[in-house]
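The values are calculated or read from the model by the stated rules, or taken from the named source; none is laboratory data. If you're wondering where the values come from, they're calculated on a predicted model, not measured in any experiment. Note that we place each Cβ from the backbone using ideal geometry, even for glycine, and neighbour counts take in every protein chain shown.
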Amino acid sequence: MLTQTLKETPLADLHRAAGARMVDFAGWNMPVQYKSIIKEHMTVRQAVGLFDVCHMGEVIVTGKDAKPFIQYLIANDLEKLQNPNTALYTQFVNENGGTVDDLIVYRRTNDYLLVVNAGNIDKDWNWINQFKDRFKDLHLVDESDKTGLLALQGPKAQALMKELVGEQAASLPVFHYAESIISGIKISFGRTGYTGEDGYEIFVETSKAAALWQDILKRGEAFGIEPCGLGARDTLRLEACLPLYGHELDDKTSPLEAGLGFSVSLDKPDYIGKDRLVAQKTNGLKKKLVCLVSEGKALPRQGYAIKASTQAIAPVIGSIASGTQGIAVGYPIATGYVPTEYAKVGTQLYVDIRGNSVPAKVVTRPFYKAKK
Amino acid sequence: MAATLTYPPELKYVKTHEWVHLNGDGTATIGITAFAADQLGDVTYVELPKPGTKFSIEEKFGVIESVKSVSDLFMPVSGEVVSINERLSSEPELVNNGCYSEGWMLKVKLGNDSELNKTLSADQYKEFIVE
């Protein structure tokens, strides 16, 4: 097999200069941490953190048929976006009800912007192009290479954005979108994020991403800003019970099984996978994602077996999808798939951690909720 | 970043990234190297054996977990555990803050002195980790 060169974001040199540890994430050479995942996690919970998410994919859909095309591809209902400059969270679902990817759709003034996972850019592009010919007036552009994306997250993100952009940013409602300028750099931004905190995701032309990154870090000093890596991004999203593709979601798992029913419309007109999702809803789900809090200090990790009893002969009923130390909550947390009869809140389950049956209880999601 | 990590010359090292300090009374203190602590990142849990347990060289004596990963700990020498660093159960971050001092793991009664010939000096270990 050929060794594939890792892709890099326009900020990679800045990350290395700042002493970040770089790792391969979905084919990208990304900072996993600068100094400490724990410190970066708490910075986002208590102040504000800045993440390089330039690796994310951006697809722009234009034409008269853009709306019916996207409606046909996603499980959420695009009719919820009554006005331009609004956004929603959704999934592409396959014919079997499995998840191709999860994404955010932005309805802009003249087009739609789809923001997809870095590791799925090629898969998504091929997936959506399969259905293109059914629509006449439609134009798709993969803008991923031209588009940089920074995530500004934390309770002080609003105050910092007010300083950087003005009142327009401070008063922007959640899942809304706007355009502006920061220090002469043209940007657009959504009040969205992946940490369980208030925050923004800021789009910028790739060539300007490094200048914007440095400017935000400098002007954010007074707000306690720190650059944060993908390590903290993962621990933050898991504490907030936000799914990560490849862990909670994959081609064989439906968004209903993942507990994402709030983002699935079973009423809207025909879309790919709808029949399967309706059937799952009607017949009941066979497996469900649970949130688990385990005892002790050993961490449940992806792939570890879940059992319903401590007996050595007890069958494996499921496996851990994601697990980590809940850094803000202070105990080990995990997600996992189990048969529906074991998914009720309060159910006592056990995770096999290196041969030890560690008690883990099903709890209500999320593990962590930001104070309003 | 790796350039700032230190390897005290008075310690002996092994390729599984543990260090040994000879205490001069037939016992030795064992911990993990700055390289290992740095690679792990924030340590959240250290699982250590009970005092009295006997181990041979290269045998697994415990587990260390960080936010990102989990690794086994291996004996750099044979010996019987005399005491363990009890503080690590509530303050695992001591491994990151001082892997050669407050972050030590085991004190053992040495089993076989000749094993020390197999260990690496600080310079040899430094060469090994840049390879």
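Given the conditions (1) surrounded by fewer than 18 Cβ atoms within 10 Å (Cβ to Cβ); (2) under 10 Å from the mean Cα position of the chain (by Cα), which single one is not true for B:GLY26?
(2)
Pick from A:THR324, A:THR347, A:THR310, A:THR340: which is in contact (Cβ under 8 Å) with a residue 40 or more places away in the chain, β-branched (Val, Ile, Thr) and touching an Asp or Glu at 6+ places or on another chain (Cβ under 8 Å)?
One residue alone meets the criteria, A:THR324.
Taking the criterion of being closer than 16 Å to B:TYR100 by Cα and in contact with a Pro (Cβ under 7 Å, 6 or more places away or on another chain), would at least one residue in region B:2-11 satisfy it?
No, because not a single residue in region B:2-11 is closer than 16 Å to B:TYR100 by Cα and in contact with a Pro (Cβ under 7 Å, 6 or more places away or on another chain).
Looking at (1) within 30 Å of A:SER183 (Cα to Cα); (2) touching a residue at least 24 places away in the same chain (Cβ under 8 Å), can you tell me which one A:LEU289 breaks?
(1)
Hey, can you tell me all the residues within region A:9-25 that are part of a loop (DSSP other than H, G, I, E, B) and away from chain B (no Cβ under 13 Å)?
Within region A:9-25, A:THR9, A:PRO10, A:LEU11 meet the criteria.
Restricting attention to region A:122-137, which residues are in contact (Cβ under 8 Å) with a residue 24 or more places away in the chain and under 19 Å from A:ASP270 (Cα atoms)?
Once the filter is applied, which keeps residues that are in contact (Cβ under 8 Å) with a residue 24 or more places away in the chain and under 19 Å from A:ASP270 (Cα atoms), region A:122-137 yields A:TRP127, A:ILE128, A:PHE131, A:LYS132, A:ARG134, A:PHE135, A:LYS136.
I need the full set of residues from region A:272-285 which are assigned to a loop (DSSP other than H, G, I, E, B) and touching a strand residue (DSSP E or B) at 6+ places or on another chain (Cβ under 7 Å), in order please.
Matches in region A:272-285: A:ILE272, A:GLY273.
State which residue pairs qualify: first residue part of a loop (DSSP other than H, G, I, E, B) and inside region A:101-118, second residue of a type in the set (A, V, I, L, M, F, W, C) in any location, beta carbons under 6 Å apart, and separation of 6 or more residues or different chains.
If the second residue must be of a type in the set (A, V, I, L, M, F, W, C), the pairs left are A:ASP111/A:ILE60.
Being over 19 Å from A:LEU244 (Cβ atoms) and either within 14 Å of chain B (Cβ to nearest Cβ) or not in a strand (DSSP E or B) (or both) is true for just one of A:ASN83, A:ASN76. Which residue is that?
A:ASN83
Conditions first: (1) farther than 26 Å from A:ILE333 by Cβ; (2) buried (at least 20 other Cβ atoms within 10 Å of the Cβ). B:VAL43 passes all but one, so which condition is the exception?
With (1) farther than 26 Å from A:ILE333 by Cβ; (2) buried (at least 20 other Cβ atoms within 10 Å of the Cβ) applied to B:VAL43, the lone miss is (1).
List, please: which pairs have Cβ atoms under 8 Å, are six or more places apart or on different chains, and start with a residue in region A:235-246 that is in the same structural domain as A:TYR194 (by TED's automatic domain parsing) and end with one that is in a helix (DSSP H, G or I) and of a type in the set (Asp, Glu)?
Pairs found: A:LEU244/A:ASP234.
Of the residues B:PHE128, B:PHE61, B:PHE55, B:PHE74, which is aromatic (Phe, Trp, Tyr), over 19 Å from B:THR27 (Cβ atoms) and more than 13 Å from chain A (Cβ to nearest Cβ)?
The match here is B:PHE128.
I'm checking my understanding of the structure. Among residues of region A:289-309 that are over 18 Å from A:GLU257 (Cβ atoms) and among the polar types (S, T, N, Q), which one is farthest from the other protein chains (Cβ to nearest Cβ)?
A:SER309
Suppose we filter A:THR364, A:THR340 for residues that are of a type in the set (Ser, Thr, Tyr), surrounded by fewer than 19 Cβ atoms within 10 Å (Cβ to Cβ), away from every other protein chain (no Cβ under 14 Å) and under 24 Å from the mean Cα position of the chain (by Cα); which single one remains?
A:THR364
Could you figure out which of (1) modelled with pLDDT of 95 or more; (2) within 14 Å of chain A (Cβ to nearest Cβ) isn't true of B:SER69?
(1)
Is it true that some residue in region A:226-246 is more than 14 Å from chain B (Cβ to nearest Cβ), more than 13 Å from the chain's Cα centre (by Cα), at pLDDT 95 or above and closer than 18 Å to A:VAL48 by Cβ?
yes
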